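This report concerns only the one structure given below.
Here, each number is a calculation from the coordinates, and none is a lab measurement. Given the structure is predicted, the values throughout are model-derived calculations rather than measurements. Here Cβ is always computed from backbone atoms with ideal geometry, including for glycine, and neighbour counts include all displayed protein chains.
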Amino acid sequence: MDRLVIEGGKRLAGSIQVSGAKNAALPILIATLLTDEPCVVENCPTGLRDIRTTVRLLESLGKKVTVDGAAVRVESTGSLKTQAPYDIVQQMRASVLAAGPLLARFGLVRVPIPGGCAIGLRPIDIHLKGFEAMGARRIADQGDIIMSAPRLTAGVLRLRFPSVGATENLMMAAAATPGRTTIKNAAREPEIEDLGRFLSKLGAKVSGAGSATVVVEGKVKLSGARHKVVADRIEAGTFLIATAAARGKVRVLGAEAAHLEAVIAALRKAGAKIGSGRGWIEISMDRRPKPVAVKTAPHPGFPTDLQAPWMALMTLATGFTKVRETVFENRFMHAAELARMGAQIAVSGSAAVVAGVEQLSGAPSMASDLRAGAALLIAALAAKGRTTIQRVYHIDRGYEAVERKLARVGARVERVK
Ligand code: EPU
């Protein structure tokens, strides 16, 4: 298994390019199940493990997939299967997004219920209630959910919580269901907007994606499309926070400031100077950060996916910082690993209090999940001395060529096989 070895304490300078968003590319690739015509999805972070798993999922369901650099071409080879394999769902929970398109098109789908993961229980009740509200019947069988409906019916769906995955699953189901489906209390993440754009290109009429009410006018037969995936705001935010922690001046290319308002506001309060233009954000920071409390929330709130990176930054703050996690119930696994590097963090339930220290020191550490891994990387870049991070495969789920990108701005990061 690979390890990352980081010699910390190097100022970062230069520019760094973000990839297409993993969390937009996943549902968009899965939405190609809605049509028999060819689709080309460009700006896909094809180096990521989750994208490779998605390719395998599409192939296992009967699609032919060709990856050419950052472009993924998805074609039909005949009829599709309506059963997602357990080993793929187990590796990647987002596989449950195949349920919406398959159920809407074929009236039947069988998916293994994804278990919990390192950051929480992550049930899928909101997805399932939505399908039921569209007329599907559900039975559970040996750890699988089977959903059936001769034809889903369009209507008004109200989500009890703005779940990103449920919004996406229901938008895809609605795209292949004739009539107008309205999703209320929908998630508003930029990735939902991107999926909305793709579904519109397939021939469904989507409006309101990115707001709390999404309206989808579906059709039985959808066509193929070509689409360029939106930039990864979480990757961009990670590089901004990393620069604030290690200090320096970095321009993040491809990033959209409008997708990161809460993070940019927090970075400014912490003392960073931030400028932005179309397709770039630049940060400079040359002192210890001021403490800035954050509370995660669905978009446009502070993203849960940047909570761990933010905590890593706040370990160096000039005072006490409170960090509250409201989206996932167990997303503080990084706290104990950061403590091994000299951070002072007390966790109690959904809140953590970080007492800033002047300097972290490098240490052997282990990533427990994707964003916890990013937090360790940020701490390592700022710390004095050498840090090794084990279980890098977690980081590889969401950051493409991370060591090469960081090396380009002066970080000393090496992957050891
Ligand atoms: N939830 C339920 N029932 C449901 C669905 C969700 O209780 O039916 C709960 C979850 O357990 C969680 C909260 O609602 O506590 C938020 O879940 P949501 O459905 O919004 O998240 P997701 O679709 O499972 C996506 C991203 C996550 C990101 C979250 C929140 C993808 C593939 N994943 O997950 O990304 O943290 O939205 O923004 O889009 C990551 O990239 O590191 C990552 C975990």
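For the chain, with only Lys/Arg (+1) and Asp/Glu (-1) charged at the beta-carbon, what is the dipole magnitude about the Cα centre, in debye rounded to 20?
640 debye
Can you give the percent of C-alpha pairs in region 1-95 whose distance is more than 19 Å?
Percent of Cα pairs beyond 19 Å in region 1-95: 48.
Sequence gap at least 6, Cα distance under 8 Å: using those rules, report the relative contact order of region 17-128 to the nearest whole percent.
Reported as a whole number, the value is 23 percent.
Where both residues lie in the chain, what percent of DSSP beta bridges are antiparallel, nearest 5?
Counting only bridges with both partners in the chain, antiparallel ones make up about 70 percent.
Nearest 5 is fine: what % of DSSP beta bridges in region 287-417 come out antiparallel, could you say?
So the antiparallel bridges in region 287-417 amount to around 60 percent.
Return the FRET efficiency for the residue pair residue 68, residue 219: r is the Cβ-Cβ distance, R0 is 35 Å, and the value is rounded to the nearest 0.05. Before the final figure, lay out the partial values.
Working: r = 29 Å, r/R0 = 0.84.
Rounded to the nearest 0.05, the efficiency is 0.75.
With 10 angstrom as the radius, rank 160, 371 by how many other C-beta atoms surround their C-beta, starting from the fewest.
So the residues, fewest neighbours to most, are 160, 371.
Taking Cα pairs under 8 Å and at least six residues apart, what relative contact order does region 133-179 come out at, in percent?
So the answer I get is 35 percent.
Using the scaling law 2.2 N^0.38 Å as the reference, what is the normalised Cα Rg of region 246-298?
Values: Rg = 11.4 Å, N = 53, 2.2 N^0.38 = 9.9 Å.
Working it through for region 246-298, the quotient is 1.14.
Relative to the longest principal axis of the C-alpha atoms of the chain, give the angle of the C-alpha long axis of helix 164-175, reported between 0 and 90° and rounded to the nearest 10°.
30 degrees
Length gain on complete extension for the stretch residue 355 to residue 184, per 0.36 nm per residue less the alpha carbon to alpha carbon distance?
Gain on stretching residue 355 to residue 184: 57.5 nm.
Just to check, using Stokes-Einstein with a Kirkwood Rh over alpha carbon pairs, what's the diffusion coefficient of region 264-351 at 20 °C and 1.002 mPa s in µm²/s?
The Stokes-Einstein estimate is 155 µm²/s.
Decide, for region 118-214, between rounded, prolate and oblate: order the square roots of the alpha carbon gyration tensor eigenvalues as a ≥ b ≥ c, take rounded if a/c falls under 1.5, and otherwise choose prolate if a/b is larger than b/c, else oblate. The partial results should precede the final answer.
Numbers: a/c = 1.87, a/b = 1.22, b/c = 1.53.
Oblate.
If the viscosity is 1.306 mPa s and the temperature 10 °C, what translational diffusion coefficient in µm²/s does Stokes-Einstein give for region 339-384 when Rh comes from Kirkwood over Cα pairs? It would help to have the intermediate numbers written out before the result.
Details: Rh = 11.3 Å.
D, rounded to a whole number, is 140 µm²/s.
Measure out, as a whole number of angstrom, how far apart the alpha-carbon centroids of region 187-250 and region 266-341 sit.
22 Å
Which three numbers, in whole Å and largest first, are the semi-axes of the equivalent ellipsoid of region 1-47 derived from its Cα gyration tensor as √(5λ)? Spell out each step's value before the answer.
Numbers: eigenvalues 244, 39, 12 Å².
The equivalent ellipsoid of region 1-47 has semi-axes of 35, 14, 8 Å.
Compute the relative contact order of the chain as a whole-number percentage, counting only Cα pairs closer than 8 Å that sit 6 or more residues apart in sequence. Show your work: numbers first, answer last.
Working: 1059 pairs, mean separation 88.5, N = 417.
Relative contact order for the chain comes out at 21 percent.
Using only Cα atoms and rounding to the nearest 10 degrees, what angle (0 to 90) does helix 49-60 make with the longest principal axis of the chain?
Once rounded, one gets 10 degrees.
Over the alpha-carbon set of region 138-268, divide Rg by the Kirkwood Rh and report the Rg/Rh ratio to two decimals.
1.09
Quick one: what Rg and Dmax do you get for the chain from the alpha carbons, in Å?
21.3, 63
What Rg and what Dmax come out for region 281-417 when only alpha-carbon atoms are used, in angstroms?
Expressed in Å, the Cα Rg and Dmax of region 281-417 come to 14.2, 39.
Any chance you could run the full-extension gain for residue 77 through residue 386? It's 0.36 nm times the residue separation minus the Cα-Cα distance, nm to one decimal.
Going from the current span to full extension adds 106.2 nm.
Taking just the alpha carbons, could you work out the radius of gyration and Dmax for region 161-238, both in angstroms?
12.4, 41
In whole Å, what is the distance between the alpha-carbon centres of region 97-128 and region 1-76?
That distance is 21 Å.
Quick one: which of 386-396, 183-193, 220-230 comes out on top by average Cβ neighbours within 10 Å, and what's the full order, highest first? Before the final figure, lay out the partial values.
Working: 386-396: 19.9, 183-193: 22.7, 220-230: 18.2.
Top of the packing list down: 183-193, 386-396, 220-230.
Along the three principal axes, how long is region 201-347 when you take its alpha carbons, biggest first, rounded to the nearest angstrom?
58, 35, 23
How do 412, 138 rank when sorted from fewest to most other Cβ atoms within 10 Å of their own Cβ?
Lowest count first: 138, 412.
Would you kindly calculate the translational diffusion coefficient of region 64-157, applying Stokes-Einstein with the Kirkwood radius from alpha carbon pairs, for 25 °C and a viscosity of 0.890 mPa s, and quote it in µm² s⁻¹ without decimals?
Approximately 168 µm²/s, per Stokes-Einstein.
³J(HN,Hα) across region 3-18 via Karplus (A = 6.51, B = -1.76, C = 1.60, θ = phi - 60°), whole Hz, x for Gly/Pro?
Karplus values, whole Hz, x for Gly and Pro: 10, 9, 10, 10, 9, x, x, 9, 5, 9, 8, x, 10, 9, 9, 8.
Along the three principal axes, how long is region 209-276 when you take its alpha carbons, biggest first, rounded to the nearest angstrom?
Extents along the principal axes: 53, 25, 16 Å.
For the residues 194, 2, what sequence is obtained by ranking on other C-beta atoms within 10 Å, fewest first? Don't skip to the end; give the middle numbers.
Values: 194 24, 2 14.
Going from sparsest to densest Cβ surroundings: 2, 194.
Can you check what the net charge comes to around residue 160, using other residues whose Cβ is under 14 Å from the Cβ of residue 160 (Lys, Arg +1; Asp, Glu -1)? Numbers along the way, then the final one.
Values: positive: 129, 158, 184; negative: 125, 132.
That sum, taken over residues with Cβ under 14 Å, equals +1.
Largest first, please: the extent of the C-alpha atoms of region 337-417 along each principal axis, to the nearest Å.
The Cα atoms of region 337-417 stretch 35, 25, 20 Å along their principal axes.
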